[in-house]
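To keep things clear, I will list the structure first and then write my remarks on it.
The values are calculated or read from the model by the stated rules, or taken from the named source; none is laboratory data. Just so you know, these numbers come straight off a predicted model, no measurement behind them. Every residue, glycine as well, gets a Cβ built from its backbone with ideal geometry; the counts of neighbours run over all protein chains shown. These area figures cover heavy atoms from the full protein model, side chains too; ligands, DNA and RNA do not enter into them. Shrake-Rupley method; radii C 1.70, N 1.55, O 1.52, S 1.80 Å.
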Amino acid sequence: MRTLREVPRTVWLLAAGTFVNMVVSVGFVYLFLYLTGPRGLGVGEAGLLSGAGGVGLVAGNFTGGWYGDRLGHRRVLLAAAATSGLLLAAVPVLPTTALFLTLPLCEYASGVQRAANSALVAAIVPEGARRPAFAVVRAAANGGFTVGPVLGALVATRFSYDWLYVADGLGSLALACWTARVVPAHGIRRVRKGHDAGGVWPQLRARPAVLVLLAAIVVIDVVYRQQYSTFPVFLADHGMDTRLYGSLLAVNGGVLLCLELPTALALRRRSP
């Protein structure tokens, strides 16, 4: 517990904002059901549109740090969260054809936001004490994801899927406002540029074990991410409704919440 007490107050406040945001950020969880249901797309079309959004997310993850290094991670996080929020809130009123442009843009902004958020935590916390700080933020995210899918299923089945995207957009806008309030524009420690000399690819080539890990993550995620696409369709084909799907996802988030933070603390003295 002493390790957790050493986590800066700003990180705890960021984690609180992350928790609230994750409670309402479940639009991507129900995207496939939304596209194949109210939007009337086939499974193949829905997969193509979801994949286009995934490409935007990956691109945002790759470029978010670059923006932050040059413009400031706080500033980039605020801009990306606001952009993502506005686009998400507009999803219910957009024609289906417009989603092929809007969703990739929205996911791109979300990826930039994710990268900026991680970099911001690294800038706030000194080197050597970052693992507990990241664990706190991750635990907050998993806590929100434990509650969010169940509430999202209730909203989708009792009201409309449209409200999920309105709430998701408002949550991103609220996170931008909260971050602007709890993270001061001044006093953020600059991460040393020396670690970035030559760019990311020379750094990765110098660490082949990291490349192997990244390749393994891609293979695993091809299977893991089916829980957001083919899995809910499979459940529906077997007569199981959206509420059961949301409950299963909540169990997943709950397991992570119970195990991830204690594991990170137990292994804090071990090499990553």
Seminar exercise, completed: In the range 199-229, residues that are among the β-branched types (Val, Ile, Thr) and in contact with a helix residue (DSSP H, G or I) (Cβ under 8 Å, 6 or more places away or on another chain) total 1
Exercise. Out of the residues in the range 79-120 that are of a type in the set (Ser, Thr, Tyr) and buried (at least 23 other Cβ atoms within 10 Å of the Cβ), which is modelled with the highest pLDDT?
Worked result: Tyr108
Exercise. Given the conditions (1) within 16 Å of the chain's Cα centre (by Cα); (2) over 23 Å from Gln227 (Cα atoms); (3) among the hydrophobic types (A, V, I, L, M, F, W, C); (4) open to solvent by less than 40 Å² (accessible area, probe 1.4 Å), which single one is not true for Val7?
Worked result: (1)
Problem set entry | Flag if Pro272 is part of a loop (DSSP other than H, G, I, E, B) and either charged (D, E, K, R) or out of contact with any strand residue (DSSP E or B) (no Cβ under 6 Å at 6 or more places or on another chain) (or both) | yes
For this session: Check whether at least one residue in the range 14-30 is aliphatic (A, V, I, L, M), at pLDDT below 85, out of contact with any Leu (no Cβ under 8 Å at 6 or more places or on another chain) and open to solvent by less than 30 Å² (accessible area, probe 1.4 Å), and report yes or no.
Result: no
Exercise. Of all residues in the range 31-64, which are of a type in the set (A, V, I, L, M, F, W, C) and open to solvent by less than 20 Å² (accessible area, probe 1.4 Å)?
Worked result: Phe32, Leu35, Ala46, Leu49
Problem set entry | Residue, nearest to Ala79 (Cα to Cα), within the range 137-175, restricted to residues that are hydrophobic (A, V, I, L, M, F, W, C) and under 14 Å from the mean Cα position of the chain (by Cα) | Leu175
Exercise. Do we find that Ala135 is modelled with pLDDT under 85, in contact with an Asp or Glu (Cβ under 8 Å, 6 or more places away or on another chain) and in a helix (DSSP H, G or I) in this structure?
Worked result: yes
